[in-house]
Amino acid sequence: SLQGIQASMPQLGEPKKDYDAVRKAIENLLDAEDYDDGSFGPVLVRLAWHASGTYDAASGTGGSNGATMRWAPESEHAANAGLAVARKLLEPVKAAYPWISYADLWTLAGAVAIEAMGGPTIPWRPGRADKASGNDCPPDNRLPDAAQGAGHVRDVFGRMGFDDREMVALVGAHTLGRCHTDRSGYSGPWTNAPTTFSNLYFQELLNNKWRKKRWDGPLQYEDKSGQLMMLPADMALVWDKKFKKYVDLYAKDEEAFFKDFAAAFGKLMELGVPFPAAA
Ligand code: ZEM
């Protein structure tokens, strides 16, 4: 159609915004021979989450818009330790496609990583702008504290506007990646397949036996092999009855997890983003 042709034509003087090319460039960065479990996917997902999870619905502050984590003090917040790895990794993509905002790039990278690791298609659209300084950084301690329990998880995700079901689905991202002692103080992966997006996290939570790890680090739980871990905040999902209902569901029904996760993660990355109102 004429409309289709016009939509695909770049505006005079403006570069064509080829998001598929950006997606490809991100995909090409994921495999990493010498990093963690062989993929930068998990840390990119964490970047998208930490950029977005500062949102406060009451004041409308925080969230992915602005990419304020480029600046101190947010870049120095303890919760963001290690995320410079992800931000630096994406710099060549930003250099090759300078028209994309950092805020769009970081969130798109999270979506692309999940999809490339076998997860569901994440709803994503552009529209985030970058803020020019650290003046707009959200206050510290908006992200969840792993040492705390169900009440805290509900407070933090409730502040963003999520319900119990969405909260459990979102934390299911812990099927990916691992904890690093030099970042959070915690150690180890949640699953034996930390570069594959699946419902394994929920199966481990329910079916494995968890006990306190004996070490001089912060309280965390380990399985019998000592290889897998859970944070206190992870255990809260089975200790809280209302949360556990969804852990049961997602452990049994991966399709339900994928569907709910995709919707909740898409929503997370759009919190506070001023998309133009639909015509
Ligand atoms: Zn996480 N997360 N997270 N998370 N997270 C870590 C790692 C990862 C919590 C938390 O304290 C921690 C969500 C929710 C919550 C990922 C994604 C998402 C680590 C380890 C900690 C301590 C960091 C390190 O040492 O490198 C808590 C308390 C949460 C809520 C209760 C949500 C929601 C996520 C996405 C949707 C991912 C992918 C990782 C692994 C990062 C990596 O580098 O491997």
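Any read-out appearing in this document is the output of simple, stated calculations on the displayed coordinates, not a laboratory observation. All values reported here derive from a predicted model rather than from experimental measurement. Cβ: placed from backbone, ideal geometry, glycine included. Neighbour counts: every protein chain shown.
Arrange 29, 268, 219, 231 by Cβ neighbour counts within 10 Å, fewest through most, would you?
Neighbour counts put them in this order, fewest first: 219, 29, 231, 268.
Suppose the chain between residue 206 and residue 259 were pulled fully straight at 0.36 nm per residue; how much longer would it get relative to their current alpha carbon spacing?
17.0 nm
Placing +1 on the Cβ of each Lys and Arg and -1 on the Cβ of each Asp and Glu in the chain, which of 107, 97, 173 has its Cα farthest towards the positive end of the resulting dipole?
Result: 173.
What relative contact order, as a whole-number percentage, does the chain give when Cα pairs under 8 Å and 6 or more residues apart are counted? Intermediate values should be presented prior to the final figure.
Details: 449 pairs, mean separation 60.3, N = 279.
Normalised by residue count, the contact order of the chain is 22 percent.
Using a 10 angstrom Cβ neighbour count of at most 11 plus a DSSP loop assignment to flag exposed trypsin sites (Lys or Arg not before Pro), which longest range of the chain is free of such sites?
That would be 17-208.
Using +1 on the beta carbon of Lys and Arg, -1 on that of Asp and Glu, and nothing else charged, what's the dipole of region 133-279 about the Cα centre, debye to 20?
480 debye
Using only Cα positions of region 22-150, each an equal point scatterer, no hydration layer, compute I(q)/I(0) via Debye at q = 0.10, 0.12, 0.17, 0.23 Å⁻¹ and quote the log10 values to two decimals.
With no solvent term, the Cα-only Debye profile gives -0.30, -0.44, -0.89, -1.49.
Note down the net charge around residue 70, summing +1 for each Lys or Arg and -1 for each Asp or Glu among other residues with Cβ under 14 Å from its Cβ. Intermediate values should be presented prior to the final figure.
Details: positive: 87, 88, 94, 128, 131; negative: 74, 76, 91, 104, 130, 136.
Here the charged neighbours net out to -1.
Compute, for the chain, the length of the dipole vector about the Cα centre, with Cβ point charges of +1 (Lys, Arg) and -1 (Asp, Glu) only. Units Debye, rounded to 20.
So the dipole magnitude of the chain works out to roughly 420 debye.
Hey, what D do you get for the chain in µm²/s if you plug the Kirkwood alpha-carbon radius into Stokes-Einstein at 37 °C and 0.692 mPa s?
Result for D is 169 µm²/s.
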